[in-house]
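Q: Quick one: the structure is below, questions incoming.
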Amino acid sequence: MSAFGRSGNPLITPSPLPYQAPPFDQITDRDFAPAFEQGMTEQLAEVDAIVNNPAPPTFENTLAALERSGQTLTRVHFAFNALSSANTNDALQQLQEAIAPKLAAHADAIVLNPGLFKRIETLHSHRDRLVLDPEARRLLEYQHQQFVMAGARLSPANQAQLKALNQEDASLSAKFTNQLLAAAKDAALVIADRSELDGLSSAEIDAAALAATERDIAGRWVLAVVNTTQQPALESLTHRPTREKLFRASCTRAERGDANDTRAAITRLAEIRAHRAQLLGHSSYAAWRLQDQMAGTSEAVEAFLARLVPAATARARREAADIQSLIDRHRGGFHVEPWDWDFYAEQVRKARYDFEAHDVKPYFELNRVLIDGVFYAATRLYGVTFTERHDLPVYHPDVRVFEVFDHDGAPLGLFYVDYFKRDNKNGGAWMDNLVTQSTLLGTKPVITNVGNFPKPAAGQPALISFDDVITMFHEFGHALHGFFADQMYPALSGTAVARDFVELPPQFNEHWALDPQVLARYALHHESGEPMPPALVDKMRQAATFNQGYALTEILAAVRLDMAWHSLPATAPIQDADVFEASSLAAAGLNLPEVPPRYRSSYFLHIWANGYAAGYYAYLWTEMLEEDAYAWFEEHGGLTRANGQRFRDLILSKGNTEDYATMFRNFRGREPQIDAMLARRGLKTAAGK
Ligand SMILES: [Zn+2]
């Protein structure tokens, strides 16, 4: 007899395991589809009960009831996300495609339910007369805003128009994604003469030969094109005409006038978004989209960018001059072009800092980095401790589970790590919840950190790069945001915050990787146990400020394009993509000939299809916040329990229960400033010049 009731489906009922950890040893792929269906049916019935309640709306019978709804669906969703992203297979992938439109329709059925919105609207209009604690008040305002942003207030005719525009946006986004994939494939550079690949390693040349074989042009070499404007091979190709050809192929990949030319799709997408915003009562898509973000308005984003552009471009111009003088010393006889930048920058870097990734790897053994680095820093700052558990089921043998205890010994949650690369795992690294903290639901957090670090051969230590070390600290920063969550309502809990705030805790946590006390504890040679030599530590620190004029300028140019496209009013005529891009960059002083945007408009996947429309700035915005927060730590004695507790109390434990700007001001004692961010990138002196 199963422990899971008559259905036998372990997803239908709450898990009997500690912290309601998913019973991964009981769940089979077949359980998901019926559990999703049941979860959606249950939640729709719960929403119907709220709407049909004859009693007048109260916070308790409407908003709290909505927060309690959908618990089965949430449970299924979290378990499914974990498996389909980190340990997938054909059955899960098929279900993923089949379930996505159903989940979208389910979400619409709630947010565009007129009876439900009417109750929320009534409560919202009486909000000053209701007796609500601050978190309940925040939930009322937040949910009301989310419903309004989705179009709950529109007439049925306008809602129909909005839905049609949303659908056109969704299908054009999908078309753009497919066009771009094909365009990037077609843009790959085919080389007939091996000498044109001089400078690449033999492994890279072998890979290029293999790529040619796969395309049935054996005997040649193929250099594929990656997402960004600059291409990895440009750093080492010595043959200048090859560099130019590869760069031009990248830059014009989606502008060849063929079926994969994306310019018609993106100009229409910009137009659709302006019309959607107009229907929703806003002057532009950016104005609509930024409402629930920390920045709040396009003007705030523009003012932020305007403060960064002079420092970044001044430094980029100096870097260009450095590169030009190197070219001249080598009697190159040409002016530096974008396809020369990475090649010469790499030579300057090697000459100046003289260290390679493989010099530091022996000091970064994964388990030591986790226990004596990531966990150690958290213990010093927050007093939390960790005990590995071997009694809880995992979805793959590489997964490890730790129980997390608070500074007073109270249980805080479960932490799963799944660090090694697998073929059935998505790329990159991420944090996810398996269970979200909520006092209302009586749940404590269960959190995963997933990575793609190389798995060592049996019996060998897992040595990782410094980038991977930073990734571990980063993802654990997200985890702390989840563990320290102290919310009543799940919609406001932990990491459920704005896009331009959510990267603050993880980026902040990265700093502890290079803290002298933390580094001394974990960066020990895996054989000798010797600490990393101080000279090597210094080189690592100094290299962090190299080439930052270019790095920041190319991001700013991409941010500029995102904001320009999404600030168009609905009355604007459809744009010529090339003219619009060039004039937008020129108007912002970001048209440096040697520093093209990190993504040009025609291949800017983030903003056209990946949810970052009017949001690419968030990466830089959170960098400002976290650098400024870390500067506070530096001003107040760094790695101490008292400092950690303050950061936890004022930021990490708050979820989305307070206005973001207020939260930050309460911690920092003032508005955020960009000085620390510029200093970290080595750009501060450029700001005044
Ligand atoms: Zn992150």
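Q: Quick one: of the DSSP bridges fully inside the stretch 361-502, what percent are antiparallel, nearest 5?
A: Looking only at bridges with both residues in the stretch 361-502, the antiparallel portion is about 75 percent.
Q: Using alpha carbons only, how many angstrom separate the centre of the stretch 46-94 from the centre of the stretch 430-490?
A: The stretch 46-94 and the stretch 430-490 have Cα centres spaced 23 Å from each other.
Q: Under a Cβ-Cβ cut-off of 15 Å, what is the net charge of the residues other than ARG268 that fall near it, where Lys and Arg count +1 and Asp and Glu count -1?
A: After counting each charged neighbour, the total is -1.
Q: In degrees between 0 and 90, to the nearest 10, how far off the longest principal axis of the chain does helix 548-565 point, with axes built from Cα atoms?
A: In the chain, helix 548-565 runs at an angle near 50 degrees to the longest axis.
Q: Right, something else. May I ask you to list the GluC sites (Glu not before Pro) in the stretch 304-373 that are in a DSSP loop and have at most 13 other Cβ atoms within 10 Å of their Cβ?
A: Those that pass, being in a loop and sparsely packed, are GLU356.
Q: Quick check on the chain: of the DSSP beta bridges with both residues there, what percent are antiparallel, nearest 5%?
A: Around 80 percent of the beta bridges assigned by DSSP in the chain are antiparallel ones.
Q: Name the lysines eligible as straight-distance cross-link partners of LYS539: C-alpha to C-alpha under 21 Å, and not fewer than 8 places from it in the same chain.
A: Here the lysines satisfying the reach criterion relative to LYS539 are LYS350, LYS361, LYS684.
Q: Using the alpha-carbon centroid of each, what span in Å lies between the stretch 540-557 and the stretch 268-310?
A: The stretch 540-557 and the stretch 268-310 have Cα centres separated by 27 Å.
Q: Then there is this: Only sites in a loop by DSSP and with at most 13 other Cβ atoms within 10 Å count here; which trypsin sites (Lys or Arg not before Pro) in the stretch 2-81 make the cut?
A: The qualifying sites are ARG6.
Q: Right, here's the next one. To the nearest 10 degrees, how steeply does helix 466-483 sit against the main Cα axis of the chain, on a 0 to 90 scale?
A: Helix 466-483 sits at roughly 20 degrees to that axis.
Q: Order these peptides, 497-504, 130-137, by their mean beta-carbon neighbour count within 10 angstrom, highest first.
A: The most tightly packed comes first, giving 497-504, 130-137.
Q: If you don't mind, another one. Once you have a ≥ b ≥ c as the square roots of the Cα gyration tensor eigenvalues for the stretch 508-606, tell me rounded if a/c is under 1.5, and otherwise prolate or oblate according to whether a/b is larger than b/c.
A: The shape class here is prolate.
Q: Still on this structure: For the chain, what is the relative contact order in percent, using Cα pairs closer than 8 Å and at least 6 residues apart in sequence?
A: 16
Q: Rounded to the nearest 500, what is the 222 nm mean residue ellipticity of the chain from helices alone, with -39500 (n - 2.57) per DSSP H run of 4+ residues and division by all residues?
A: So the calculated ellipticity at 222 nm is -16000 deg cm²/dmol.
Q: Which whole-number percentage describes the relative contact order of the stretch 361-502, with Cα contacts under 8 Å and a sequence gap of 6 or more?
A: Over the stretch 361-502, the number comes to 23 percent.
Q: Cut-off under 29 Å on the C-alpha distance; same-chain residues fewer than 8 positions from LYS444 excluded. Which lysines are left, in chain and number order?
A: LYS102, LYS421, LYS425, LYS654
Q: With a 1.4 Å probe and all protein chains left in place, how much of the accessible area of the chain comes from carbon and sulfur atoms, in whole percent?
A: 52
Q: How tilted is helix 618-635 with respect to the longest principal axis of the chain? Cα atoms for both, answer in degrees (0 to 90, nearest 10).
A: The answer is roughly 90 degrees.
Q: Determine which lysines satisfy two conditions relative to LYS245: a Cα distance under 16 Å, and not lying fewer than 8 residues away in the same chain.
A: LYS185
Q: Classify the stretch 18-153: rounded, prolate or oblate, from the alpha-carbon gyration tensor (a ≥ b ≥ c, eigenvalue square roots; a/c under 1.5 rounded; otherwise prolate if a/b is larger than b/c)?
A: Taking the square roots of the gyration eigenvalues as a ≥ b ≥ c, the stretch 18-153 is prolate.
Q: Please report the projected area of the chain's Cα convex hull averaged over all directions, in nm².
A: The orientation-averaged projected area of the Cα hull of the chain comes to 33.1 nm².
Q: Kindly provide the pair-distance distribution of the stretch 188-253 built from C-alpha pairs, with 10 Å bins from 0 and whole-percent values in order of increasing distance.
A: 23, 58, 19
Q: Rounded to the nearest whole Å², what accessible area per residue is found for the chain with the 1.4 Å probe?
A: Heavy-atom accessible area per residue stands at 42 Å².
Q: What is the sum of charges around LYS185, taking Lys and Arg as +1, Asp and Glu as -1, for the other residues whose C-beta is under 15 Å from the C-beta of LYS185?
A: -2
Q: Ranked highest first by the average count of other Cβ atoms within 10 Å around their residues, in what order do 548-554, 397-403 fall?
A: Descending packing order for the listed peptides: 548-554, 397-403.
The values are calculated or read from the model by the stated rules, or taken from the named source; none is laboratory data. Just so you know, these numbers come straight off a predicted model, no measurement behind them. Neighbour counts run over all protein chains shown; Cβ positions are idealised from the backbone, glycine included. The protein model used for the area step is the full one, side chains on, heavy atoms only, and it has no ligands, DNA or RNA in it. Shrake-Rupley method; radii C 1.70, N 1.55, O 1.52, S 1.80 Å.
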